[in-house]
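Coordinate-derived values only; no laboratory data. Predicted, not measured: the structure shown is a model, and the values here were computed from it. Positions of Cβ are backbone-derived with ideal geometry, glycine not excepted, and every protein chain shown enters the neighbour counts.
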Amino acid sequence: MKSTIDRLISVSGLTSIAIIVAITFFLFYNWIPLFETVEPIGFFFGTLWYPTAVPPFYGILPLLDATVWISSLAIFITIPSAFVIAIFITYIVPKKFRYILKTFLEIFSSIPSVILGLIGLSIVAPYFQNVLNMDTGQNILNAAIMLSLITIPMPASMMEDFISAFSPEQKEGSQALGANEFETLTRVVIPGLKGPFASITMLSLGRIFGETMIVLMVAGNAAIFPSNIFQPARVLSSTIAAEMGETPVGTPHFYALFGIGAILFVITFLINVAGEMIRFRYERQMMK
Amino acid sequence: MVKRMLKQRIAFLILSVISIGILIAMGSIFVIIFVNGFRVLNWDFLTSITSFDFKGMPHGGIGPAIAGTFIVTGLGLVFAVPIGVLSGIYLSEYRNRGKLFNFLRMMVANLAGVPSVVHGLFGLAVFVVLFRFGFSILSSALTLSILALPIIIVTTENAMRDVPNELREGSFALGSKRWQSALLVVFPVALPKVLTGVILASARIAGETAPVLFTGATLYLAHFPTALNQQFMALPYTIYGLMTTSINIEASTSFAYGIALVLITLITLMNISVVIFRLIKRKV
């Protein structure tokens with residue numbers, strides 16, 4: 001016997017699936033008409049993104065290239081930093097400060113990204129340009145640093161959870177064999193946590209990849225193929241944010257931006273699913 | 001033995017230096033915002049209307065932006081809370097194991113991982129164009145509600161799960177139906193924790209820029225919002241607009257810091273209230 005309220009709750013329970021399906025549908029629905037005017041090869045492998053030129057070019061390769069540059073540099077800074085902070089909190093900080101530090105990380109991670117963009121633009125960029133003599137302060141390095149700062153708290157906190165919850169039997173066993181805390185950490189705990197750390201890395205990458213405002217404000221927005229980290233760049237997400245406001249509905253440019261959105265959505269979806277799958281598997285293993 | 005202990009000492013020292021460096025960098029962001037923002041902050045700045053002179057200098061205050069942020073956040077919650085809470089109840093009381101449950105949970109996690117600019121595109125395609133709500137408070141609030149949804153679902157589910165099973169069994173023993181036990185017995189116990197989820201969700205959506213960029217936010221509005229079909233000013237979007245479109249960079253930057261201080265204060269207060277609530281819960 002199902003009452004109306006039961007049905008209402010069941011229908012609400014399926015909202016998340018419905019929204020994911022709807023997002024997928026509308027992204028593709030507004031992308032497909034692009035191929036009436038632009039060849040798929042020109043879109044996926046085109047090396048020029050000049051959507052307002054005559055004739056326009058809608059090649060996303062430079063944007064994709066810049067996204068790979070910035071995301072890899074950011075993840076390269078984020079994961080080791082998060083790992084170091086996680087060890088710092090578990091092994092070095094006195095117990096009573098642990099909760100305070102984790103709370104601080106949580107509050108820091110809630111800073112809106114537009115504020116990190118403001119700092120990157122008004123403080124880090126002039127410093128890069130005037131003190132470190134870079135050609136421009138709005139570049140890949142600046143964006144990657146600001147992206148890492150805002151991302152670090154999440155993986156740091158998750159890693160801390162895993163390290164402090166790591167099997168006490170194995171830790172004690174290692175110490176009974178004469179290993180000190182650091183040796184136990186590097187030879188027992190870290191190898192035992194490869195899986196969860198892989199999952200945490202994926203989830204962090206998903207965040208960095210989709211983050212828009214910091215890169216939009218700080219990376220310098222030049223749709224070129226960067227050759228080093230001191231050059232400006234424009235990524236997939238920030239291109240949508242920068243251009244959609246001035247693009248009339250139903251033009252090829254409009255469809256192309258939805259195409260970028262669809263690609264962004266599919267890639268982050270796959271990264272997140274991979275991260276979640278690894279986590280599910282290891283959570284089950286650790287329960288045993 | 002001494003050598004190995006020394007190795008541990010050195011390793012922990014290096015780790016500490018790096019960690020403290022990063023934590024100081026994070027802390028200094030709060031300090032920078034506070035110091036720069038405090039200089040422009042006064043009553044007039046918080047309440048009056050923004051205007052730009054012919055040199056691109058911002059004048060007046062951010063009253064409409066504060067109002068806009070409060071309205072879209074509040075309205076976003078009005079849409080997100082009922083659906084999110086019922087959805088969380090479904091996951092904890094109706095389908096709390098099995099394949100569909102795992103799949104649903106993964107979808108919630110994925111929804112939380114959708115880049116906010118993609119939410120903006122979705123809002124543009126559905127609320128602005130398809131539903132013909134136009135660039136408006138309503139479109140932006142609906143878009144933001146989708147961002148808030150996974151946060152509310154997850155916290156509701158966890159809050160309901162933390163309620164001891166004896167309560168459910170007791171209410172079933174007295175002959176109550178599943179929805180009666182879920183909504184009238186378990187939910188009231190879980191309510192305080194559900195509220196922390198709602199606060200976290202509002203802190204999250206109040207600071208979002210990308211979803212409102214092309215669903216209704218505008219850089220300049222000469223009045224306070226009066227209807228849901230109007231465009232609106234929002235705190236995060238105004239920071240972005242000032243920093244990227246203004247001609248007078250120095251004046252815009254200090255103005256932007258003022259807004260950043262207001263925004264960060266709002267969001268941090270919400271987060272701290274959640275932290276305090278958790279502390280009280282732990283001690284009880």
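Numerical summary
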item	result
Index of the failed condition, residue B:247 passing every other in (1) touching a strand residue (DSSP E or B) at 6+ places or on another chain (Cβ under 6 Å); (2) surrounded by fewer than 15 Cβ atoms within 10 Å (Cβ to Cβ)	(1)
Flag if residue A:185 is more than 30 Å from residue A:221 (Cα to Cα), part of a helix (DSSP H, G or I) and hydrophobic (A, V, I, L, M, F, W, C)	yes
Subset of the stretch B:81-123 [at the interface with chain A (Cβ under 7 Å from one of its Cβ atoms) and farther than 14 Å from residue A:17 by Cβ]	B:86, B:89, B:94, B:113, B:115, B:116, B:117, B:118, B:121, B:122
Single condition residue B:51 does not satisfy, out of (1) among the polar types (S, T, N, Q); (2) outside any strand (DSSP E or B); (3) in contact with a strand residue (DSSP E or B) (Cβ under 8 Å, 6 or more places away or on another chain)	(2)
Filter pass, residue B:71 being more than 14 Å from every other protein chain (Cβ to nearest Cβ), out of contact with any Asp or Glu (no Cβ under 6 Å at 6 or more places or on another chain) and either among the polar types (S, T, N, Q) or assigned to a helix (DSSP H, G or I) (or both)	yes
Members of the stretch A:195-247 that are over 20 Å from the mean Cα position of the chain (by Cα) and either part of a helix (DSSP H, G or I) or within 30 Å of residue A:171 (Cβ to Cβ) (or both)	A:243, A:244, A:245, A:246
Residue list for the stretch A:129-152, filter: in a helix (DSSP H, G or I) and without any contact (Cβ under 8 Å) to a residue 60 or more places away in the chain	A:129, A:130, A:131, A:149
Output for the stretch B:1-32, where each listed residue is hydrophobic (A, V, I, L, M, F, W, C) and facing chain A (nearest Cβ under 7 Å)	B:5, B:11, B:12, B:15, B:18, B:22, B:25, B:26, B:29, B:32
Wholly within the stretch B:91-207, helices (runs of 4 or more DSSP H) carrying at least 3 residues that are under 29 Å from residue B:263 (Cβ atoms)	B:99-113, B:116-123, B:137-161, B:187-206
Residue A:61 vs. criteria more than 9 Å from chain B (Cβ to nearest Cβ), surrounded by fewer than 17 Cβ atoms within 10 Å (Cβ to Cβ), closer than 19 Å to residue A:223 by Cβ and among the hydrophobic types (A, V, I, L, M, F, W, C)	yes
